[in-house]
Amino acid sequence: MFKRIDHVEIAPSNLEASIAFYTEVLGFRLKERIQVGAPTLKRVAYLELGDTMLELLELVDPAPADHTPRVGYRIMALEVDNMEETLAYLADKGIQPSVAPMDVGGGSLRGEIVDVDGLSIELRQWSRE
């Protein structure tokens, strides 16, 4: 019945800056842009990474992100092959972890970075055992 998560929707403060971050830093590919022109929505951009899709919404006058812990969706996670290599690559791009990688059991590693709006992105290296 249910197959997979089709996409994750993000409302950035600056559509072009977010497209640049997700494509130039994280390796997503811009699939499509759509001009909407609705009262609260200007444009939509679709970005792909493997079979994962991000839908970026350019809203009219969005309020800044509220990082208060609360009930709701909290984070997007990207699987990485090698945490050490990933962090070295990100450091070359000027990005440091917001949460240092830690062993979360069985040799799996978990760390976090943030995007241009400070939205958390988990980095997960699963154990090969």
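Work out which chymotrypsin sites (Phe, Trp or Tyr not before Pro) in the chain are exposed loop sites (DSSP not H, G, I, E or B, at most 11 other Cβ within 10 Å) and give the longest gap free of them. Counting only loop sites that pass the neighbour cut-off, the longest clear stretch is 3-72. When both bridge partners sit in the chain, DSSP labels roughly 75% of those beta bridges antiparallel.
Students often forget the sequence filter, so: which aspartates and glutamates lie under 19 Å Cα-Cα from Lys31 once same-chain residues fewer than 8 apart are removed? Those aspartates and glutamates meeting the cut-off are Asp6, Glu9, Glu16, Glu48, Asp51, Glu55, Glu58. Here is the size of segment 73-129 from its Cα atoms: Rg then Dmax, 11.1, 35 Å.
Cα centroid separation, segment 17-59 to segment 79-100: 22 Å. When only Cα pairs below 8 angstrom with a gap of at least 6 residues are kept, segment 14-90 shows a relative contact order of 21 percent.
Restricting attention to segment 73-129, close to 70% of DSSP beta bridges with both partner residues there are antiparallel.
The simple spin-label model puts a point 7 Å past each Cα toward its Cβ; for Ala17 and Arg70 those points are separated by 2.2 nm.
Its Cα gyration tensor gives segment 8-49 an equivalent ellipsoid; the semi-axes, largest first and in whole Å, are 19, 11, 8.
Quick check: the angle from helix 83-92's long axis to the longest principal axis of the chain, C-alpha only, nearest 10 degrees? Here the helix axis deviates by roughly 50 degrees. Here is the list for segment 1-98: trypsin sites (Lys or Arg not before Pro) lying in DSSP coil, each with at most 15 other C-beta atoms within 10 angstrom of its C-beta, are Lys3, Arg4, Arg70, Arg74, Lys93.
Near the amide H of Ser108, within less than 5 Å, lie the amide hydrogens of Ser127, all on another chain or at least 5 residues away, with H placed in the peptide plane. Computed 3J(HN,Hα) for segment 100-108, one whole-Hz value per residue from the Karplus formula 6.51 cos²θ - 1.76 cosθ + 1.60 where θ = phi - 60°, is 5, x, 9, 6, 10, x, x, x, 7, glycine and proline marked x.
Here, P(r) means the percent of Cα pairs in each 10 Å bin from 0 to the largest distance; for the chain it is 11, 39, 36, 12, 2, 0. Modelled spin labels at Glu32 and Leu59, positioned 7 Å past Cα toward Cβ, are 2.3 nm from each other. Each label was represented as a point 7 Å from its Cα along the Cα-to-Cβ direction; for Lys42 and Leu78 these points are 2.5 nm apart.
Read the figures in this text as sums done on the coordinates, not as results from a lab. It should be emphasised that the depicted structure is a prediction, and the values quoted were computed from it without experimental measurement. Because the Cβ atoms are built from the backbone with ideal geometry, glycine has one as well, and the counts that use them run over all protein chains shown.
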